[in-house]
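Novice: Structure in structure tokens, see below.
The values are calculated or read from the model by the stated rules, or taken from the named source; none is laboratory data. The model shown is predicted, which means the values in this text are computed figures rather than measured ones. Positions of Cβ are backbone-derived with ideal geometry, glycine not excepted, and every protein chain shown enters the neighbour counts.
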Amino acid sequence: MITIDANQYNAILSGATVLEQSVKYGPSVWRTDDDRIIKAFHRRRRYFSRRFSYARRFTRHCGWLARRGVRAPRVKEAYRCPQVGSELVVYPLIPGETLRSMTPGSPEAGRVLDALPAFLAALHRSGIHFRGIHLGNILHDAEAGFALIDVSYMRWYPWPLTVRARAANFRNILGYDRDAALIDAFGRDDFMQRYVEAASLGRRRAARLERAVYRG
């Protein structure tokens with residue numbers, strides 16, 4: 001990771017288009033004219049710690065996913081700017097659109113959501129617990145398939161996820177009104193049944209999953 005000053009920080013962002021921003025931290029994701037994505041990790045504590053780096057964690061998670069065949073950002077550059085209190089990662093644009101951008105009930109949404117349960121089952125079978133998962137950080141491309149973005153909040157295990165961890169993923173997705181609307185238009189029961197079959201859970205674990213998803 002390269003340490004830069006405020007002038008260099010602003011130069012990197014110069015001319016880039018803001019894609020995401022928040023009221024508290026301001027812009028956090030940009031797209032450049034040459035189709036690169038710049039993602040910022042803003043300071044969340046009073047002091048800018050050298051011991052922990054959100055950018056390093058993001059980069060590590062991306063590499064881990066890529067080695068396991070899951071499409072994710074391929075970080076090319078990482079910067080740390082103590083003056084601004086932020087870190088930046090830069091990676092090429094990943095082909096695809098977020099699932100959240102689809103129109104509920106559309107043929108496109110139907111095709112993508114039909115394939116999503118198997119993708120989630122494969123992640124869970126591989127021990128990948130994407131704690132911050134929602135349909136806004138899953139991309140889909142007709143040729144390349146699914147991809148994960150914003151992968152900071154993730155853990156992985158050398159065994160398949162427990163039913164509780166799987167249920168937590170589904171509760172997180174269904175907790176967003178837009179995501180729930182997309183899945184409900186597809187058919188929530190059909191969606192969950194497709195997941196159960198793809199994950200080969202069996203009757204008992206499927207029942208446990210259903211209770212954990214809808215009753216917490």
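Novice: So, in region 130-150, exactly how many residues are modelled with pLDDT of 95 or more, crowded, with 18+ Cβ neighbours inside 10 Å and in a strand (DSSP E or B)?
Specialist: 6
Novice: For Glu197, state whether it is more than 25 Å from Arg74 (Cα to Cα) and modelled with pLDDT of 95 or more. Break it down into steps so the answer makes sense when it comes.
Specialist: Values: more than 25 Å from Arg74 (Cα to Cα): yes; modelled with pLDDT of 95 or more: yes.
In short, yes.
Novice: Ok, one more. Inspect region 85-104 for any residue being more than 28 Å from Gly127 (Cβ to Cβ), modelled with pLDDT under 95 and not assigned by TED's automatic domain parsing to the domain that holds Phe130 and give the result as yes or no.
Specialist: There is at least one residue in region 85-104 that is more than 28 Å from Gly127 (Cβ to Cβ), modelled with pLDDT under 95 and not assigned by TED's automatic domain parsing to the domain that holds Phe130.
Novice: With in a helix (DSSP H, G or I) and either of a type in the set (Asp, Glu) or more than 16 Å from the chain's Cα centre (by Cα) (or both) as the only criterion, which of Ala122, Ala66, Ala115 stands out? Give the derivation first.
Specialist: Numbers: Ala122 fails: either of a type in the set (Asp, Glu) or more than 16 Å from the chain's Cα centre (by Cα) (or both); Ala66 fails: either of a type in the set (Asp, Glu) or more than 16 Å from the chain's Cα centre (by Cα) (or both).
Matching residue, one of Ala122, Ala66, Ala115: Ala115.
Novice: Considering only residues of region 105-121 that are free of Cβ contacts under 8 Å to residues at least 40 places away in the same chain and crowded, with 16+ Cβ neighbours inside 10 Å, which is farthest from Gln193 (Cα to Cα)? Even if it seems obvious, please write down each step before you answer.
Specialist: At the first step, the residues of region 105-121 found to be free of Cβ contacts under 8 Å to residues at least 40 places away in the same chain are 106-108, 111-112, 115, 119.
Still in the running and crowded, with 16+ Cβ neighbours inside 10 Å: 112, 119.
Values: Val112: 16, Phe119: 14 Å.
Per the stated criteria, the residue is Val112.
Novice: Restricting to region 203-216, count the residues that are exposed (fewer than 10 other Cβ atoms within 10 Å of the Cβ) and part of a helix (DSSP H, G or I).
Specialist: Kept after step one, since they are exposed (fewer than 10 other Cβ atoms within 10 Å of the Cβ), are these residues of region 203-216: 203-204, 215-216.
Imposing the further condition that a residue be part of a helix (DSSP H, G or I) reduces the set to 203-204, 215.
Adding up the residues that qualify gives 3.
Novice: Let me ask something else about it. Kindly provide the set of residues from region 68-104 that are of a type in the set (Gly, Ala, Ser), surrounded by 16 or more Cβ atoms within 10 Å (Cβ to Cβ) and within 26 Å of Asp179 (Cα to Cα), ordered by number.
Specialist: The answer is Ala72, Gly96.
Novice: If you go through region 5-15 one residue at a time, do you hit one that is in a strand (DSSP E or B) and of a type in the set (D, E, K, R)? Give the steps one after another, and end with the answer.
Specialist: Residues of region 5-15 that are in a strand (DSSP E or B), as a first pass: none.
No, region 5-15 contains no residue that is in a strand (DSSP E or B) and of a type in the set (D, E, K, R).
Novice: Follow-up. Could we say that Arg31 is at pLDDT 90 or above, within 27 Å of Gly145 (Cα to Cα) and surrounded by fewer than 14 Cβ atoms within 10 Å (Cβ to Cβ) here?
Specialist: On the way: at pLDDT 90 or above: yes; within 27 Å of Gly145 (Cα to Cα): yes; surrounded by fewer than 14 Cβ atoms within 10 Å (Cβ to Cβ): no.
Here the answer is no, as Arg31 does not meet what is asked.
Novice: Follow-up. I need the full set of residues from region 164-173 which are surrounded by fewer than 19 Cβ atoms within 10 Å (Cβ to Cβ) and within 20 Å of Ala115 (Cβ to Cβ), in order please.
Specialist: Asn172
Novice: A further question on this structure: If you check Leu161 against the conditions, is it part of a loop (DSSP other than H, G, I, E, B), surrounded by 20 or more Cβ atoms within 10 Å (Cβ to Cβ) and either among the hydrophobic types (A, V, I, L, M, F, W, C) or out of contact with any helix residue (DSSP H, G or I) (no Cβ under 6 Å at 6 or more places or on another chain) (or both)? Please lay out each step first, then the result.
Specialist: Values: part of a loop (DSSP other than H, G, I, E, B): yes; surrounded by 20 or more Cβ atoms within 10 Å (Cβ to Cβ): yes; either among the hydrophobic types (A, V, I, L, M, F, W, C) or out of contact with any helix residue (DSSP H, G or I) (no Cβ under 6 Å at 6 or more places or on another chain) (or both): yes.
Spelling it out, Leu161 is indeed part of a loop (DSSP other than H, G, I, E, B), surrounded by 20 or more Cβ atoms within 10 Å (Cβ to Cβ) and either among the hydrophobic types (A, V, I, L, M, F, W, C) or out of contact with any helix residue (DSSP H, G or I) (no Cβ under 6 Å at 6 or more places or on another chain) (or both).
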